[in-house]
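The values are calculated or read from the model by the stated rules, or taken from the named source; none is laboratory data. Since we're looking at a predicted model, the values are computed, not measured. Reconstructed Cβ throughout: ideal geometry from the backbone, glycine too, with neighbour counts over all protein chains shown.
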Amino acid sequence: MSLPRRAVLALVALPFAAAAQEDALAAAIREQVGDAAVEEGGITLRVPVVAENGGQVPITVLVDSPQTAAQHVTAIHLFATRNPTPGIASFRLTPLLARAEVQTRIRLAEDQRIVVLAQMNDGTVRRAAAEIRVTTGGCLS
């Protein structure tokens with residue numbers, strides 16, 4: 001059985017597109033946190049499982065930190081794995097905040113994984129991720 005030429009091209013291009021997205025995500029993460037080791041956990045990520053409107057997807061990020069001068073979150077970074085530009089937002093925090101929490105709304109074009117990184121003042125980086133299904137894309141072509 002012979003596949004149509006378009007099907008063969010699509011099957012060949014698919015792995016390269018996925019690899020390009022992962023490379024773009026890795027580059028965006030490296031731009032924000034450098035080569036710091038990333039640990040899983042210590043972050044509560046609240047996102048809808050299904051976003052009815054990809055144009056306004058609510059996200060809440062809460063990092064488990066005492067927010068004291070000795071130990072605090074210095075930055076929270078949001079990434080979307082399948083957006084054309086993976087970096088969504090970065091928030092700078094100080095120990096003067098009562099808690100390390102940010103709330104925002106983001107725009108997503110399609111189903112994808114959201115990755116959150118929290119930079120601590122001691123140089124460590126924490127990570128959390130969540131999958132979000134999008135029924136109506138929020139990005140224009």
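Taking the numbered list (1) within 15 Å of the chain's Cα centre (by Cα); (2) assigned to a strand (DSSP E or B); (3) closer than 30 Å to THR135 by Cβ in turn, GLU101 passes all entries but (1). Give region 82-93 a look and list any residue that's among the polar types (S, T, N, Q), modelled with pLDDT under 95 and surrounded by fewer than 17 Cβ atoms within 10 Å (Cβ to Cβ), or say none. Hit for region 82-93 is THR85, nothing else.
Scanning region 34-53 for residues that are in contact with a Ser or Thr (Cβ under 9 Å, 6 or more places away or on another chain), closer than 28 Å to THR135 by Cα and not in a loop (DSSP other than H, G, I, E, B) yields THR44, LEU45, ARG46, VAL50, ALA51. Looking at region 5-21, is at least one residue loosely packed, with under 12 Cβ neighbours inside 10 Å, closer than 23 Å to ARG133 by Cα and modelled with pLDDT of 90 or more? Within region 5-21 (the criterion being loosely packed, with under 12 Cβ neighbours inside 10 Å, closer than 23 Å to ARG133 by Cα and modelled with pLDDT of 90 or more), the answer is no, since none of the residues qualifies.
A single member of ALA28, ALA37, ALA24 is surrounded by 11 or more Cβ atoms within 10 Å (Cβ to Cβ), at pLDDT below 95 and within 27 Å of ARG99 (Cα to Cα), and it is ALA28.
Among the strands (runs of 3 or more DSSP E) confined to region 56-96, the ones with at least 3 residues that are of a type in the set (Val, Ile, Thr), within 17 Å of GLN119 (Cβ to Cβ) and in contact (Cβ under 8 Å) with a residue 12 or more places away in the chain are located at 73-80.
Does region 120-133 contain any residue that is of a type in the set (Val, Ile, Thr), surrounded by fewer than 17 Cβ atoms within 10 Å (Cβ to Cβ) and closer than 16 Å to GLN56 by Cα? No, the conditions are met nowhere in region 120-133.
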